[in-house]
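**Student:** Supplied in C-alpha cells, the structure appears directly below.
The values are calculated or read from the model by the stated rules, or taken from the named source; none is laboratory data. Computed from a predicted structure; not experimentally measured. Every residue, glycine among them, receives a Cβ derived from its backbone with ideal geometry; neighbour counts consider all protein chains shown. Quick note on the areas: whole protein, heavy atoms, side chains included, nothing else; ligands and nucleic acids left out. Shrake-Rupley method; radii C 1.70, N 1.55, O 1.52, S 1.80 Å.
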Amino acid sequence: ALDARRAQVYSAAFDLETHERLMDDDARAVADLAEFVENCKKPLFFVGDGAALCYNKYGNVPGVLCVPPALRNGRAAAVAYVAEQMAQRGEAVLPEALLPDYHRLSQAEREINTNDETHRTCRRPRRI
C-alpha cells in the first residue's frame with residue numbers, strides 16, 4: 001500500500017506462494033479495502049509507506065499480521081535483485097516496454113479541472 005494522500009492508498013494484493021494477483025492495482029480509499037481484508041482466507045500483511053494507514057484501520061482483523069516498521073518499505077536493491085533473476089531466466093524487459101499505469105489524475109490536473117469548472121460556473125459582472 002502506497003500512501004496516495006487524501007485517505008487513499010495505491011494498492012494491490014498477491015499470494016506469496018503462487019505470486020497470483022488477488023486484487024488489481026488501484027487507488028482506493030483505505031476503507032474500501034474492508035471487504036477484501038475481512039474475507040481474505042490467507043494471512044495478510046501490508047507493506048509500503050501506506051501500511052500504517054492500513055494497520056490503523058485493520059490491525060485488529062483476524063489474519064492481519066503486523067510487519068515491523070523497518071521492513072515495510074521496499075528497497076531498490078530488492079528490485080535490482082529480482083531484475084537480475086529475471087534476466088538470468090531470459091525474462092528481461094526492454095525499457096520501452098515499461099509504461100506508467102496512472103490510476104487517477106495528478107493533483108495539478110485535478111486543480112486545473114476544478115479551476116476550469118469554477119470559471120465556467122462563475123458569472124462575470126456586466127458592464128453597463
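**Student:** Being assigned to a loop (DSSP other than H, G, I, E, B) and of a type in the set (Lys, Arg) is the filter here, so list the residues in segment 63-110 that pass it.
**Tutor:** Result: 72, 75, 89, 104.
**Student:** Can you find, within segment 31-84, the residue that is modelled with the highest pLDDT among those that are of a type in the set (Lys, Arg) and open to solvent by less than 100 Å² (accessible area, probe 1.4 Å)?
**Tutor:** If we take residues in segment 31-84 being of a type in the set (Lys, Arg) and open to solvent by less than 100 Å² (accessible area, probe 1.4 Å), then 42 is modelled with the highest pLDDT.
**Student:** Considering each residue of segment 2-20, count those that are touching an Asp or Glu at 6+ places or on another chain (Cβ under 8 Å) and either surrounded by 12 or more Cβ atoms within 10 Å (Cβ to Cβ) or farther than 16 Å from residue 72 by Cβ (or both), and give that number.
**Tutor:** Kept after step one, since they are touching an Asp or Glu at 6+ places or on another chain (Cβ under 8 Å), are these residues of segment 2-20: 2-3, 9-12, 14.
Retained after the next criterion (residues that are either surrounded by 12 or more Cβ atoms within 10 Å (Cβ to Cβ) or farther than 16 Å from residue 72 by Cβ (or both)): 2-3, 9-12.
So the count comes out to 6.
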